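First up is the structure itself, then whatever we jot down about it.
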Amino acid sequence: MSEVKVQGEVSQTLFEYLHMEILSHLIESYGNEKKGEVISALEALGSRVGESMMERVSKDVPRFRTELDAMIFLCKQFWTHMFNKQVDHLKTNNQDMFVLYDNNFRLLMHLSESSQHQDKSPLFLAFTSGLITGALSNLGIKSRVTYEVPKMPQCFFQIKINL
Amino acid sequence: VAILKMAVVCVSVISKENFPLYLRTVSTYIENDMGFHHIVHTAIDVIEEKISSVGTGRAGTDFREHYLGPLYPSEQYKIYGYATNTRTKFIIITENTTSQSRDTEINQFFKKLHQAYADMFCNPFYTPDTEITSKRFDRSVTDIFKDSESKLSKNEHHGNKN
């Protein structure tokens, strides 16, 4: 069994801080009422980053045979590259729906575990949802992602792909 | 026995939607530029066929490999293909002066090209699926042209010694 090596702790932490700052900057610019715009902006950012990350990370990996192969790669190597851990659970209906569960999502880690900020938590997932759509689109898979935070710091992403 | 290496004369990058993002011909072959466009265009069909043959177990095609080897026979040139996981395709055309297999060497060139492409793609000012104008990418391709040429002249020299 191979352990996932903790690499690049500094850049990981910097990314987390940057993410928080991007969030807070966008909320300030758009105003508290325009949550929709903030979420769209974050998803767009995430999408471009996801494309680039996928280009880099998939470079030395053998070709994916099926969409499931691509999803597994997303949950393992890609997620590890971004968040230093793998996705905890992947559910699929073996056709076009996939659900990624992360029980200790890195970008939610620093928020309080109480339900105090539950309503703001989707904002913390918007960037990552864009990451997923961007990464998949670069593999030629069109997708739609919804996400939820049932209880901090757990979260899940529901991915519907176009076959 | 020194293996005669052949010079790379043309390098091309094709997007996942199959239109050309980049095509560069070495300066000594610049008049054949139009011809290379045509060759690359035909090569795309061959690549598509190779990468879509999932699990048909065709001999000699390891589906998991990015490197696709020589694509189709031509009198003057050898045409090699490479398809990434992101469906971007690279094509390298070389002179056809010997029938020796150069797979490892050409694969090395493709890997360099892939690395240069990934670096260029991560540039936030680059819009995906548009023409590649990066000077740094140009330099990587120039290096590939030079590398393949220098090996050619080195081995000619050794050939003369023998």
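Figure legend. Inter-residue proximity from the stretch A:58-80: first residues more than 7 Å from every other protein chain (Cβ to nearest Cβ) and more than 15 Å from B:T86 (Cβ to Cβ), second residues among the aliphatic types (A, V, I, L, M) and surrounded by fewer than 20 Cβ atoms within 10 Å (Cβ to Cβ), beta-carbon distance below 8 Å, spacing 6+ or different chains. Indicated pairs: A:M71/A:L90; A:I72/A:L90; A:C75/A:L90; A:T80/A:V4. Residue count for the stretch B:124-153 satisfying the condition of being part of a helix (DSSP H, G or I), among the β-branched types (V, I, T) and closer than 22 Å to A:E51 by Cα: 0. None of A:E33, A:E28 is open to solvent by 50 Å² or more (accessible area, probe 1.4 Å), part of a helix (DSSP H, G or I) and more than 22 Å from A:F98 (Cβ to Cβ) except A:E28.
The set of residues in the stretch B:95-112 that are open to solvent by less than 30 Å² (accessible area, probe 1.4 Å), more than 19 Å from B:H41 (Cα to Cα) and at pLDDT 90 or above contains only B:F109.
When every residue of the stretch A:34-43 is checked against the conditions, at least one turns out to be closer than 27 Å to B:M120 by Cβ, among the aliphatic types (A, V, I, L, M) and more than 14 Å from chain B (Cβ to nearest Cβ). When the residues of the stretch B:73-94 are narrowed to those that are buried (at least 17 other Cβ atoms within 10 Å of the Cβ) and farther than 21 Å from B:F121 by Cβ, which ends up nearest to the other protein chains (Cβ to nearest Cβ)? Residue satisfying both the conditions and the ranking: B:Y80.
The values are calculated or read from the model by the stated rules, or taken from the named source; none is laboratory data. Remember, predicted model here, so these are calculated numbers, not experimental data. Please note: Cβ atoms are built from the backbone with ideal geometry, for glycine as well, and neighbour counts cover all protein chains shown. For the accessible areas, the whole protein counts, side chains as well, though only heavy atoms, and no ligand, DNA or RNA atoms are used. Shrake-Rupley method; radii C 1.70, N 1.55, O 1.52, S 1.80 Å.
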